Amino acid sequence: MVSLFVAITDQSWFDLLSQEQPDEVNFWQPSGARNFGALSAGELFLFKLHSPNDYIVGGGVFSNASNVPLSLAWEAFGIKNGVHSLAEMRQRIARYRRDDALLDARTDPPVGCRILTQPFFWQREAWLPVPQSFARNIVTGKRYGTDQPEGRYLWDAVVDRGGLLASESQAAARYGTPQMVRPRLGQGAFRLAVTDAYERRCAVSGEKTLPILDAAHIRSYGEGGEHDPANGLLLRTDIHRLFDLGYVTVTDDHRFEVSQRLRADFDNGRHYYELHGATLRSPQRGYAAPSADALAWHREHRYLG
């Protein structure tokens with residue numbers, strides 16, 4: 001059985017993203033007070049418009065959910081949030097929460113992020129009427145399962161309209177057995193997944209100040225690395241910069257190593273040498289450990305020795 005979640009969204013959010021056709025989207029909620037646990041990674045997240053447009057108009061493959069400050073949601077996804085600017089996103093949050101204090105740019109309210117990969121946006125003629133059980137008084141959304149008639153109806157309709165799921169699951173028949181889809185993460189989803197994997201702490205120093213923490217690729221994306229949490233480390237910005245330049249690396253037993261080139265090139269680096277030999281924090285349960293192949297690539301192709 002595969003679950004699907006039908007959520008309600010604004011026409012403006014849908015219109016902007018259907019024009020942009022991004023590789024990922026943030027289906028955000030104005031309050032970041034609750035955790036979203038209706039779906040597992042690889043299940044379907046569909047969106048319908050507000051009444052009277054009681055139609056499902058698109059969706060995507062659910063990747064992960066997180067509650068993060070507005071600033072991070074904007075930095076990670078930008079226009080993929082379905083708004084043109086940070087100021088517009090702030091205005092919408094203030095309106096939905098009926099709190100004009102949030103219009104102050106010095107505030108950084110939490111936002112609930114539901115990250116979708118492989119998003120699809122249907123043309124008007126393909127819009128799908130919601131199941132009869134989707135009551136008009138539903139505010140957020142409703143979950144369905146493919147082991148029930150309405151859930152199977154939704155699954156088959158998505159396959160029929162897009163072909164995405166059939167190709168991903170490599171089903172032989174047009175309507176094969178519903179299967180989860182492996183999310184293909186984009187940059188924003190990667191950033192939030194790595195941030196949550198390391199519980200918002202630098203894997204080396206333990207620093208917890210979120211604005212100065214980066215989701216670093218171990219093997220750079222431009223040289224074959226993937227947007228995969230196993231190819232990521234959460235690092236303080238200065239350590240991230242040194243990692244990319246090859247002045248620091250991670251050993252095969254997950255210890256932080258600092259090159260002698262740091263002292264030779266800059267006659268400095270005392271703080272980093274104090275961290276030399278430190279054991280990296282492990283990602284929390286449910287997330288993969290750093291890829292041994294990616295770490296080996298960094299030592300062989302980036303580290304200055």
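The values are calculated or read from the model by the stated rules, or taken from the named source; none is laboratory data. All figures in this text were calculated on a predicted structure; none of them were measured in a lab. Every residue, glycine as well, gets a Cβ built from its backbone with ideal geometry; the counts of neighbours run over all protein chains shown.
Among the listed residues 214, 293, identify the single one that is at pLDDT 95 or above, charged (D, E, K, R), under 27 Å from the mean Cα position of the chain (by Cα) and loosely packed, with under 15 Cβ neighbours inside 10 Å. 293 is the lone residue from the list that is at pLDDT 95 or above, charged (D, E, K, R), under 27 Å from the mean Cα position of the chain (by Cα) and loosely packed, with under 15 Cβ neighbours inside 10 Å.
Assess whether residue 78 counts as being on the phi > 0 side of the Ramachandran plot, surrounded by 13 or more Cβ atoms within 10 Å (Cβ to Cβ) and in contact with a helix residue (DSSP H, G or I) (Cβ under 7 Å, 6 or more places away or on another chain). Judged against the criteria, residue 78 is not a match. Put simply, of 115, 56, 93 the only residue that is in contact (Cβ under 8 Å) with a residue 12 or more places away in the chain, surrounded by 20 or more Cβ atoms within 10 Å (Cβ to Cβ), over 27 Å from residue 194 (Cα atoms) and of a type in the set (Val, Ile, Thr) is 56. Annotation note: of 226, 257, the sole residue that is more than 20 Å from residue 281 (Cα to Cα) and in contact with a helix residue (DSSP H, G or I) (Cβ under 9 Å, 6 or more places away or on another chain) is 226. The single condition from (1) modelled with pLDDT of 95 or more; (2) surrounded by fewer than 23 Cβ atoms within 10 Å (Cβ to Cβ) that residue 248 fails is (2).
Annotation note: of 36, 27, the sole residue that is among the hydrophobic types (A, V, I, L, M, F, W, C), at pLDDT 95 or above and touching a strand residue (DSSP E or B) at 6+ places or on another chain (Cβ under 7 Å) is 27.
Of the residues making up the stretch 261-280, none is more than 28 Å from residue 185 (Cβ to Cβ) and in contact with a His (Cβ under 9 Å, 6 or more places away or on another chain).
Listed here are the residues, each with its yes/no results for (1) part of a strand (DSSP E or B); (2) on the phi < 0 side of the Ramachandran plot; (3) more than 17 Å from the chain's Cα centre (by Cα).
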| position | (1), (2), (3) |
| --- | --- |
| 12 | no, yes, yes |
| 15 | no, yes, yes |
| 22 | no, yes, no |
| 25 | yes, yes, no |
| 28 | yes, yes, no |
| 38 | no, yes, no |
| 51 | no, yes, yes |
